[in-house]
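The structure appears right after this line, and notes come after that.
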Amino acid sequence: MVRDLALRPGIRLAAASLHKGGIVAYPTEAVWGLGCDPKNDSAVQHLLALKKRDPGKGLILIAADIAMFTPYLRELEPAFIAQLQNSWPGAITWLIPNNQQASPWISGGRETLALRVTAHPVASALSRAFGGPLVSTSANPQGLPPAKSLTKVKAYFGNTLDAYAPGSIGNAATPSEIRNLATGDVIRAAG
């Protein structure tokens with residue numbers, strides 16, 4: 001089904017916008033997200049400016065499958081990779097050791113990198129249509145509640161975004177849990 005979704009015109013248009021350095025809104029498990037190409041520093045900086053987000057906070061990357069994260073998983077112990085595989089796709093974002101494959105704009109200059117294989121069909125299809133991981137941050141200016149509807153995303157950002165992926169958010173009540181892979185510590189609990 002996700003592969004079929006990746007062929008839909010709205011998803012393909014959003015993926016094309018990502019390739020051109022655009023900022024895209026798309027539904028996730030609990031809220032609407034904003035995304036861009038994580039390898040395009042200009043796009044990441046533009047996204048951070050739109051949100052008025054502190055670059056030191058870092059950003060989450062989402063993907064359709066774990067293979068898309070291969071560059072970021074190099075040097076990771078097999079037991080840790082197995083732990084990731086056993087928890088994905090799903091609503092757990094893992095902080096993994098930063099092997100410097102991601103820009104400091106993504107990691108926030110931290111020693112960890114936040115990754116999640118999304119279970120949301122539209123977010124997954126967008127990643128697949130784009131051909132790799134996407135930045136995923138809640139669609140709201142810093143300090144305001146995350147958007148739970150497309151209407152709210154448009155109220156926050158007007159015509160400043162390049163595309164909107166069609167769909168609606170999932171049934172999760174809260175954003176994904178965040179855990180540190182090396183320590184097991186829960187950084188942000190779910191629900």
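Brief remarks on what is shown
- Of Lys57/Lys154; Lys51/Lys154; Lys20/Lys57, those spanning more than 22 Å from alpha-carbon to alpha-carbon: Lys57/Lys154; Lys20/Lys57
- Debye, to nearest 20: dipole size of region 1-105, +1 on Lys, Arg Cβ, -1 on Asp, Glu Cβ: 400
- Inter-part distance, region 1-54 to region 112-141, computed on C-alpha centroids, equals 8 Å.
- Build a GNM of the chain with springs between Cα atoms under 10 Å apart, and of Gln83, Gln45, Gln142 the one that fluctuates most is Gln83.
- Magnitude of the charge dipole, region 2-188, Cβ model with Lys/Arg +1 and Asp/Glu -1, debye to 20: 540
- Positive-end residue of Ala67, Tyr156, Ser124, charge dipole of region 2-188 with Cβ unit charges: Tyr156
- Modelled FRET efficiency - R0 25 Å, Ser42 with Ala173, Cβ distances, 0.05 increments: 0.10
- Using a cutoff of 8 angstrom between alpha carbon atoms and counting only pairs six or more residues apart, the relative contact order for region 34-143 works out to 44 percent.
- Gaussian network model of the chain, Cα within-10 Å springs - most flexible of Pro78, Pro89, Pro55: Pro78
- Relative contact order (%) - the chain, alpha-carbon pairs under 8 angstrom, separation at least six: 35
- Isotropic mean projected area of the C-alpha convex hull, region 2-188 (nm²): 9.4
- Multiplying the residue separation of Ala189 and Lys57 by 0.36 nm and removing their Cα-Cα distance gives an extension gain of 45.8 nm.
- Counting only Cβ charges, +1 for Lys and Arg and -1 for Asp and Glu, the dipole size of region 66-176 around its Cα centre is about 340 debye.
- Between Pro141, Pro121, Pro71, the GNM of the chain built on Cα springs shorter than 10 angstrom shows Pro71 fluctuating the most.
- Charge dipole of the chain about the Cα centre (unit charges at C-beta), most positive-ward option of Trp105, Ser138, Ile187: Ser138
Each value in this text was obtained by applying a stated rule to the coordinates, not by laboratory testing. All of these numbers come straight from a predicted model, not from anything done at the bench. Because the Cβ atoms are built from the backbone with ideal geometry, glycine has one as well, and the counts that use them run over all protein chains shown.
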